[in-house]
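> My questions will all concern the structure given below.
None of the figures in this text is laboratory data; all of them are computed from the coordinates on show. This one's a predicted model, so the numbers in the text were calculated from it and none came from an experiment. All Cβ positions, glycine included, derive from the backbone under ideal geometry; neighbour counts span all protein chains shown.
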Amino acid sequence: MPLHRERFYVTTPIYYPNDKLHIGHTYTTVAADALARYHRLRGRDTWFLTGTDEHGLNLQRAAARAGKEPLAYIDPIVAWIQQLWARLHISYDDFIRTTEDRHKQRVQAIFQRLYDQGDIYKGSYRGLYCVRCEAYYTEDELAEGRLCPIHEQPVEWLEEESYFFRLSKYGEPLLRHIEANPDFVRPESRRNEVMSFIRQGLEDLSVSRTSFSWGIPVPFDPKHVIYVWIDALANYATALGYPDGEQYRRFWPADLHLIGKDILRFHAIIWPAILLALGEPLPHCVYGHGWLLIDGGKMGKSRAGGQVIDPLTLIDRYGVDAVRYYLVREVPFGADGSYSEEALVRRLNSDLANDLGNLVWRTTAMIERFCGGRVPDPAGAPATDLAQVAADVRRRVEQHMERFELNLAVTAIWDLIGRANKLIDEAAPWELNRRGDTARLGRVLYDVAEAARYAAVLLAPFLVETPERIYEELGFAEDVRRAGWEAGLTWGRLPVGGQVRRGEPLFPRIDLEEQFGDVEAGETAGPAAETISIDEFGRLDLRVVRILEAARIQGADRLLRLKVSLGEGGERQVVAGIAQHYRPEELVGRQAVLVANLKPARIRGVESQGMLLAAEDGDRIVLLSPEQAVNPGSKVR
Ligand code: ME8
C-alpha cells in the first residue's frame, strides 16, 4: 500500500486514564511513534495524535470509590501517562483529553447534526452491558458464565431510554468502500472479519445513556450523556478542529488509525459509518495489531494474564532503546505475541550488544589503533560491497514501513549490520595493518564506519538515543534527525578525517543467569537483632502504591509531599524524607511500598497517611519498589 501522500496523520487509541497503563499500551504507542518519526525523517508533513478517553461509568465509579470528583481523580493519572510517554520519547504532536472544551463542543455539534439530519433518533434499550467496554452484548456474544468476552467480567442488565444512530443504513455503503479499498482495514485477516460482520447485517446503535452522568450531555436533551464510544472516536477529528479548523483541512483524512484488535469494530465500522453520515472522507487505513500476551492471556484482563508489566521498570533496568527495540522487533506486526522479559534481554544481548554494539565498538577501536583515531580515506582501494548492501537494505526498509511491517523493517537493518561485522572478520584489518596495506585498510575501515552511520539513520525511527550516540562516536557532528532520510542515506556522507570518540559500549550485556536463574536466597548474616513473631510482622499492612504526584514542601529541604494510589483502595498523601535523593518529576509514575496502617502524623504541618519504605546505604536513600509492576494496592508479605 505505497503511501504517495506528502502528509502523514497517525493516531493511537486514546487510552482510559488508568494507573495501570502497561507494556501493551506502550506497544501501540511506540509503533505509532516509529511510524511518525519515519515519515517526519522523510520530510513528510506529519501529525501524531494520542490522548486520553476520560468519560463513562467506569471512571465515574472509580472516582467515587476514591471519594473524588471525576476530574480531580483523573488529572494526576493523565499527568503520569504523559510522564510515561516522555520517558519513552513519544514524539506526539498533540495530546487530546476528551474532557477538554475543544473536544466536548465539537462532539455536541456532531451529535446535533446527526440528529437534525435524521441519522439519530430516540428509542429505548435493554440489554447486557459491560461497564469496562462501555458496550452492550447479546447473549451469544458472551463468554462462558455470561461474562464479557473481552474482560471476562460479569455483564449487567441495563434498561434505558436511548438515542440511536442509524448504523444499519451504512452497512452497504461501508461494505462497498471496504471492497473497493483493500488497504482500508489491515491486516487482511481483520479485513475479512469486518466484512463478514457487516454482511450479517448491522443494527442501529444506542448512542446515549441516562444511567450515569459523567459524559458529554446530549445538547438538546441533557438528561442523556453521549455514548462514550461516539465521544471517544470523534477525538481523531475534534483534535484537528473539525469541521473547519486549519489543522483539519491540512490532515484529514487520517492516514492511519493504529489500534489493538480489541477495538477493531469500533474503528472499522462505527467510526467510518459516522464519517459517512457526516459526509467526511474516510481514513486511509485502520490497522488492528495483535495482542501482547502473558502466559497465553491478554495483559491486564481480570483473569488470564491479570499481571501487568510496567514499562517504567523496564526502562530503568534496560534503557529506553532496548525496550523500544524489543517492542517493534519481537512480534510480527499484526499477530499476537508473547511478552517475556527474558526474551527482551536475549534481544538486547544478541542484536543490540553483540551485533550493533560490537560493530561500533570494533570499528572505533580499530580506527583509534590503526588510523590515529581519524576516519581514514577510502579512496586508495576499490569499494567493498557494503554500499550496495546498504542501498538494498534501505529499499527494503522503505517498502516494509509503507506496509507497516515494522518488525521486518528492523530485521532488514540487521542485514547491513551483520554484513559489516562479517566484512571485518573477512578483511581482517589487523592483518592489513600488519602487512602495511594502508590503502585497503583505509577502505575497509571507512566502509564499516559508514555502514554503522548508515544503520544509525535507518534506526532513527525506532531508537531515540542510539543513533545520536553512534554519530558522536564516529566524530560526526551532524544532527541525524535534522539532516533527514534522503541526505542521511547518501553513502559516503561520513567525513574523512573526523576524530572518533569511543565511549562506553552502546549496550552492556546482561547476565541472563544472574537476572533470571534460580538465585539461592541464602542465610543473611546481618547483625543479630531481637526477633519478632510472624504474627507481629502480620500486623504491618504493607501495600504497593503508584506515585501520582510529588512536590517539594516549602521550608523543608529534605521532605517531599507525595500523592499515591492504592488502586481500589483510594489515594493517600504521604510525606517522605527523600527530597535530597529524588527530584519530584522522576518519582511520578513509579511504584513504591507503603506502610499503610501507620498512624497518621503531621510533619511540618503536612499530614502524612503512612510511610514509604526505603533502603539506607551510607549517604544514599533508595526507594523500594516491586521487581515487576503489580496492581496498586497489592499486599506486600
Ligand atoms: O480501549 N497488547 O482504551 P484502553 C497489545 N479508550 N495492545 C494492547 C494490550 C495488549 N495486551 N493492551 C492494551 C480503549 N493494548 C478506549 C479506546 S479509541 C477512540 C478509545 C492497546 O486504555 C491496544 O492498542 O483500554 C488497545 O486497542 C488499547 O491499548 C486499549 O486501550
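> Give me log10 I(q)/I(0) at q = 0.06, 0.07, 0.10, 0.12 Å⁻¹ for the chain, Debye formula, one equal scatterer per alpha-carbon, no solvent.
-0.40, -0.54, -1.01, -1.30
> Among the GluC sites (Glu not before Pro) within region 527-577, which fall in a DSSP loop and have no more than 12 other Cβ atoms within 10 Å of their own Cβ?
Filter output for region 527-577: E530.
> What does the highest-first list of 31-38, 132-139 look like by mean Cβ count within 10 Å?
For the peptides 31-38, 132-139, the packing ranking is 31-38, 132-139.
> I'm a student and want to see the number: the projected area of the Cα convex hull of region 335-374, averaged over all directions, in nm².
Here the figure is 3.7 nm², rounded to one decimal.
> Further question: Rounded to the nearest 500 deg cm²/dmol, what is the calculated helix-only ellipticity per residue at 222 nm for the chain, with -39500 (n - 2.57) per DSSP H run of length n ≥ 4?
-11500 deg cm²/dmol
> Using a 7 Å offset from the Cα along the Cα-to-Cβ direction at both D94 and A335, what is the distance between the two label points in nm, to one decimal?
It works out to 3.7 nm between the two label points.
> Work the Kirkwood hydrodynamic radius out for region 9-162: mean of 1/r over every pair of different alpha-carbon atoms, inverted, in Å.
Value: 18.1 Å, from the Cα pair sum.
> Here's a follow-up. Which percentage, to the nearest 5, of the DSSP beta bridges contained in region 169-305 is antiparallel?
Antiparallel: roughly 45 percent of the beta bridges in region 169-305.
> Then there's this: With the Cα gyration tensor of region 180-282 in hand, convert its eigenvalues to equivalent ellipsoid semi-axes via √(5λ) and list them largest first in whole Å.
25, 20, 12
> Could you give each residue of region 498-514 its phi-based ³J(HN,Hα) in whole Hz, using Karplus coefficients 6.51, -1.76, 1.60 with θ = phi - 60°, and x for Gly or Pro?
x, 8, 6, 10, 6, x, 5, x, 4, 9, x, 6, 9, 6, 4, 4, 5
> Same structure again: Quick one, could you list the DSSP H helices from the chain stretching 20 Å or more along their long axis (Cα atoms) with average Kyte-Doolittle hydropathy of 0.5 or above?
70-87, 406-427, 438-459
> Please list the radius of gyration and Dmax for region 319-406, considering alpha-carbon atoms only, with Å as the unit.
Looking at region 319-406, its Cα Rg and Dmax stand at 17.4, 51 Å.
> Report the Cys residues of the chain lacking a disulfide-compatible partner, meaning no second Cys Cβ under 4.7 Å from their Cβ.
Taking the Cβ cut-off of 4.7 Å, the unpaired cysteines of the chain are C285, C371.
> I need the Debye-formula profile for region 373-495: one equal scatterer per C-alpha, no solvent, reported as log10 I(q)/I(0) at q = 0.19 1/Å, two decimals.
The calculated log intensity ratios at q = 0.19 Å⁻¹ are -1.03.
> Here is a follow-up. Grab the eigenvalues of the alpha-carbon gyration tensor for region 145-239, scale each by 5, take roots, and send me the semi-axes largest first in whole angstrom.
28, 19, 14
> Throw me the Rg/Rh for region 2-61, computed over C-alpha atoms with Kirkwood Rh, two decimals.
My calculation puts Rg/Rh at 1.11.
> Turning to a different aspect of this structure: Could you tell me the largest-minus-smallest coordinate of the C-alpha atoms of region 163-210 on each of the three principal axes, in descending order and whole angstroms?
38, 18, 17
> Give me the Kirkwood hydrodynamic radius of region 536-633, using the inverse of the mean 1/r over all pairs of distinct Cα atoms, in Å to one decimal.
Every distinct Cα pair counted, the radius reaches 13.6 Å.
> Report Rg (one decimal) and Dmax (nearest whole number) for region 590-637, counting Cα atoms only, units Å.
Cα only, region 590-637: 12.5, 34 Å (Rg, Dmax).
> Using Stokes-Einstein with the Kirkwood hydrodynamic radius over Cα pairs, what translational diffusion coefficient do you get for region 63-121 at 10 °C and a viscosity of 1.306 mPa s, in µm²/s rounded to a whole number?
112
> Taking 0.36 nm per residue of sequence separation and subtracting the Cα-Cα distance, how much length would be gained by fully extending the chain between R369 and E616, in nm to one decimal?
84.5 nm
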